[in-house]
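> The structure is given below, and queries will be raised subsequently.
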């Protein structure tokens with residue numbers, strides 16, 4: 001028995017060595033990029049997508065020759081404490097550039113470490129303001145939450161989409177409540193009438209009959225849904241079964257609803273959303289990415305995959321422009337990349353001519369999309 | 001009218017909790033262990049039904065039966081592999097093993113079926129009945145759920161009260177050693193309990209996902225915990241208790257959301273639980289057993 005255990009342990013160690021070895025094949029001239037994200041657990045869909053997107057970009061860049069990247073993604077299970085442990089694992093591995101964390105709660109924790117260690121970070125999708133606030137070397141590829149909230153309110157008002165607005169948001173989630181707060185402020189300022197505000201939590205995201213009844217009772221003709229698409233799909237279904245048919249307006253978390261397996265896309269007909277990425281877009285860059293991703297992972301990439309992909313390409317652009325080499329230390333690379341990011345323009349899957357402010361927030365145009373016949377169509 | 005429609009939502013949500021709680025309560029009553037993997041057996045049942053219906057176009061009723069059969073096997077298998085070797089171990093060891101099995105099932109499901117949510121097509125269709133000029137609508141799902149819950153409870157009450165196997169179960173629940181001395185095969189009885197509990201879990205999984213159609217590897221965990229709460233609320237070990245506890249929990253949850261605050265609904269539900277347990281420590285229908293010294 002002991003012998004079996006010994007061999008099992010030895011085999012695992014060998015495996016671990018080969019895995020590490022694969023990452024640092026030609027250690028001298030490879031720039032090490034690390035990131036944490038939920039690869040298991042309830043939020044695994046986001047972490048896996050971001051990792052797969054980033055991995056695809058790394059493979060493409062390495063195939064070009066020139067600058068070579070090695071990517072290492074560690075699991076943080078959408079948990080702040082585990083994310084810091086994962087971050088430390090990456091530091092031991094020799095991470096020179098970081099992709100931060102995929103989701104907001106862990107990213108708030110790891111970005112503090114990134115700042116203290118002077119390791120440059122650009123997070124694909126952690127959109128909370130606290131991720132970048134007060135840290136001059138942490139950048140975001142996605143919109144920060146406040147921008148989404150106020151942009152949505154402005155868009156609804158400008159396009160006259162609804163006169164009476166109801167909001168359902170997830171109050172134990174910094175992403176959802178962050179967007180709602182700024183939505184509320186902007187709505188009050190521009191005179192957009194909010195008639196019903198109801199909430200749900202991680203533990204009660206199944207039954208929305210009460211929230212929908214409240215919106216209906218107050219005569220809302222549009223429901224703003226700052227949330228991910230899983231609860232949203234339930235809201236559409238439950239509203240339909242009670243015969244309530246308001247308009248819906250979502251944010252970037254709504255992206256992915258059409259690729260939900262088994263989802264009746266007719267339920268999402270007419271749903272509007274502001275999103276930076278559209279997997280059905282016909283341009284060459286998006287089409288090529290979607291085709292490769294589908295071939296490799298058997299599913300349509302969501303916005304997180306596109307964000308991960310863009311992060312690696314943005315780093316690639318900055319690395320080339322700043323003449324970063326693999327021999328530099330992380331703090332030296334950090335100084336160059338901060339300078340590059342605040343000065344450069346980057347065009348990727350999730351936007352053209354993006355720029356970054358000194359606060360680390362990205363500035364790009366959200367695209368207004370509407371779902372028609374089971375596909376996203378540009379709104380204007 | 002909105003009161004009625006909230007009541008219906010509450011009863012239908014509560015009926016699902018009740019069916020899950022029945023599984024917890026039966027296993028606890030007989031094996032004296034909290035099977036925390038129960039919620040994940042629900043998830044497996046829902047996945048089996050989902051794949052049978054959507055990939056292999058199996059009609060609804062055979063698909064539910066298939067899910068029940070798979071879960072029964074799974075339940076018996078888990079019992080044999082993980083719990084039986086621990087029959088005489090301290091209850092803490094069994095509890096931790098149950099939590100381990102729960103994580104094992106969740107993560108296996110994630111490996112097999114990925115973490116991407118799937119949308120479950122209701123096995124009974126998504127129609128609804130309109131009453132009072134359409135001011136009140138009751139979904140077919142809710143009716144089927146409540147009916148299934150009542151049928152299951154009646155069947156279980158009959159089974160434990162009238163059949164030989166049921167009597168053996170009650171005997172084991174009262175005193176395992178004495179039951180064994182009377183010639184009852186305790187191990188077979190416990191396996192049978194797990195089989196029934198897991199088959200119920202499959203039915204609960206299908207009903208849960210018919211009503212709230214998002215299916216993920218973690219789908220079973222929260223309803224599992226709420227149903228466990230319902231079982232404690234009603235008095236763990238009691239079949240009627242699980243039923244009443246489940247329905248009450250569902251109704252309180254929906255009413256708290258509708259009339260007090262959507263933000264505080266869970267806090268209110270668990271506050272009621274604490275109050276009930278302070279007044280009646282054994283739960284609503286629990287037996288207070290005097291320890292003889």
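> Has the stretch A:244-252 got at least one residue that is surrounded by fewer than 22 Cβ atoms within 10 Å (Cβ to Cβ) and within 14 Å of another protein chain (Cβ to nearest Cβ)?
Looking for residues that are surrounded by fewer than 22 Cβ atoms within 10 Å (Cβ to Cβ) and within 14 Å of another protein chain (Cβ to nearest Cβ), one finds at least one in the stretch A:244-252, hence yes.
> Which members of the stretch A:179-198 meet the condition of being free of Cβ contacts under 8 Å to residues at least 60 places away in the same chain, within 30 Å of residue B:219 (Cα to Cα) and out of contact with any strand residue (DSSP E or B) (no Cβ under 6 Å at 6 or more places or on another chain)?
Answer for the stretch A:179-198, where residues must be free of Cβ contacts under 8 Å to residues at least 60 places away in the same chain, within 30 Å of residue B:219 (Cα to Cα) and out of contact with any strand residue (DSSP E or B) (no Cβ under 6 Å at 6 or more places or on another chain): just A:181.
> May I pose another question? For the stretch A:71-90, give me each residue that is within 20 Å of residue A:131 (Cα to Cα), out of contact with any helix residue (DSSP H, G or I) (no Cβ under 7 Å at 6 or more places or on another chain) and more than 14 Å from every other protein chain (Cβ to nearest Cβ).
A:81, A:82, A:85, A:86, A:88, A:90
> Which one is surrounded by the fewest Cβ atoms within 10 Å (Cβ to Cβ), of the residues in the stretch A:222-243 that are without any contact (Cβ under 8 Å) to a residue 60 or more places away in the chain and not in a helix (DSSP H, G or I)?
So, considering only residues that are without any contact (Cβ under 8 Å) to a residue 60 or more places away in the chain and not in a helix (DSSP H, G or I), the one surrounded by the fewest Cβ atoms within 10 Å (Cβ to Cβ) is A:243.
> Out of (1) surrounded by fewer than 22 Cβ atoms within 10 Å (Cβ to Cβ); (2) touching a helix residue (DSSP H, G or I) at 6+ places or on another chain (Cβ under 6 Å), what's the single condition that is false for residue B:25?
The one condition residue B:25 does not meet is (1).
> Of the residues B:78, B:61, B:99, which single one is surrounded by fewer than 14 Cβ atoms within 10 Å (Cβ to Cβ), away from chain A (no Cβ under 13 Å) and closer than 21 Å to residue B:218 by Cα?
Of B:78, B:61, B:99, the one residue that is surrounded by fewer than 14 Cβ atoms within 10 Å (Cβ to Cβ), away from chain A (no Cβ under 13 Å) and closer than 21 Å to residue B:218 by Cα is B:99.
> Next question. What number of residues in the stretch A:232-243 are under 25 Å from the mean Cα position of the chain (by Cα) and more than 8 Å from chain B (Cβ to nearest Cβ)?
Total meeting the criteria: 3.
> Just wondering, is there one or more residues in the stretch A:49-70 that are touching a residue at least 40 places away in the same chain (Cβ under 8 Å), assigned to a strand (DSSP E or B) and either within 14 Å of chain B (Cβ to nearest Cβ) or closer than 24 Å to residue B:110 by Cα (or both)?
No, the stretch A:49-70 contains no residue that is touching a residue at least 40 places away in the same chain (Cβ under 8 Å), assigned to a strand (DSSP E or B) and either within 14 Å of chain B (Cβ to nearest Cβ) or closer than 24 Å to residue B:110 by Cα (or both).
> Among the residues that make up the stretch A:15-29, is at least one of them at pLDDT 90 or above, surrounded by fewer than 18 Cβ atoms within 10 Å (Cβ to Cβ) and farther than 21 Å from residue B:108 by Cα?
no
> Six or more apart or on different chains, Cβ atoms under 6 Å: show the pairs whose first residue is in the stretch A:200-215 and more than 7 Å from chain B (Cβ to nearest Cβ) and whose second is modelled with pLDDT of 90 or more.
Matching pairs, first to second residue: A:208/A:235; A:214/A:196; A:214/A:198; A:215/A:166; A:215/A:196; A:215/A:223.
> Follow-up. Quick check on my filter: what residues within the stretch A:125-166 are over 22 Å from the mean Cα position of the chain (by Cα) and assigned to a strand (DSSP E or B)?
Those that are over 22 Å from the mean Cα position of the chain (by Cα) and assigned to a strand (DSSP E or B): A:164, A:165, A:166.
> For residue B:215, state whether it is within 25 Å of residue A:232 (Cβ to Cβ) and either in contact with a helix residue (DSSP H, G or I) (Cβ under 7 Å, 6 or more places away or on another chain) or in contact (Cβ under 8 Å) with a residue 12 or more places away in the chain (or both). Break it down into steps so the answer makes sense when it comes.
Numbers: within 25 Å of residue A:232 (Cβ to Cβ): yes; either in contact with a helix residue (DSSP H, G or I) (Cβ under 7 Å, 6 or more places away or on another chain) or in contact (Cβ under 8 Å) with a residue 12 or more places away in the chain (or both): yes.
Yes, satisfied.
> Which ones in the stretch A:71-113 are over 20 Å from the mean Cα position of the chain (by Cα) and touching a residue at least 60 places away in the same chain (Cβ under 8 Å)?
Residues satisfying the conditions are A:93, A:94, A:95, A:96.
> Has the stretch B:1-15 got at least one residue that is away from chain A (no Cβ under 14 Å) and either under 16 Å from residue B:200 (Cβ atoms) or without any contact (Cβ under 8 Å) to a residue 24 or more places away in the chain (or both)?
no
> Only helices (runs of 4 or more DSSP H) wholly contained in the stretch B:111-216 count here; list those with 1 or more residues that are closer than 30 Å to residue A:52 by Cβ and within 14 Å of chain A (Cβ to nearest Cβ).
B:186-211
> Sticking with this structure for a sec: Those residues that are within 13 Å of residue B:269 (Cβ to Cβ) and in contact with a helix residue (DSSP H, G or I) (Cβ under 6 Å, 6 or more places away or on another chain), I need them from the stretch B:230-246; list them, please.
B:230, B:233, B:245, B:246 - these are the residues of the stretch B:230-246 that are within 13 Å of residue B:269 (Cβ to Cβ) and in contact with a helix residue (DSSP H, G or I) (Cβ under 6 Å, 6 or more places away or on another chain).
> Given the residues B:68, B:46, which is the only one that is surrounded by 17 or more Cβ atoms within 10 Å (Cβ to Cβ), within 16 Å of the chain's Cα centre (by Cα) and within 14 Å of another protein chain (Cβ to nearest Cβ)?
Answer to the selection: B:46.
> Still on this structure, I have one more. With the checklist (1) part of a helix (DSSP H, G or I); (2) in contact (Cβ under 8 Å) with a residue 60 or more places away in the chain; (3) more than 12 Å from chain A (Cβ to nearest Cβ) in hand, flag the one item residue B:33 doesn't pass.
Residue B:33 satisfies every listed condition except (1).
> Scan the stretch A:162-183 for residues that are closer than 20 Å to residue A:215 by Cβ and surrounded by fewer than 19 Cβ atoms within 10 Å (Cβ to Cβ) and jot them down.
A:163, A:164, A:171, A:177, A:181
> Taking the conditions exactly as written (in contact with a helix residue (DSSP H, G or I) (Cβ under 9 Å, 6 or more places away or on another chain) and either within 14 Å of another protein chain (Cβ to nearest Cβ) or within 24 Å of residue B:269 (Cα to Cα) (or both)), does residue A:224 satisfy them or not?
no
> Please count how many residues of the stretch A:253-273 are touching a helix residue (DSSP H, G or I) at 6+ places or on another chain (Cβ under 6 Å) and either in a strand (DSSP E or B) or exposed (fewer than 15 other Cβ atoms within 10 Å of the Cβ) (or both).
Count: 1.
The values are calculated or read from the model by the stated rules, or taken from the named source; none is laboratory data. Bear in mind the structure is a predicted one, so any value in this text is a computation, not a measurement. Reconstructed Cβ throughout: ideal geometry from the backbone, glycine too, with neighbour counts over all protein chains shown.
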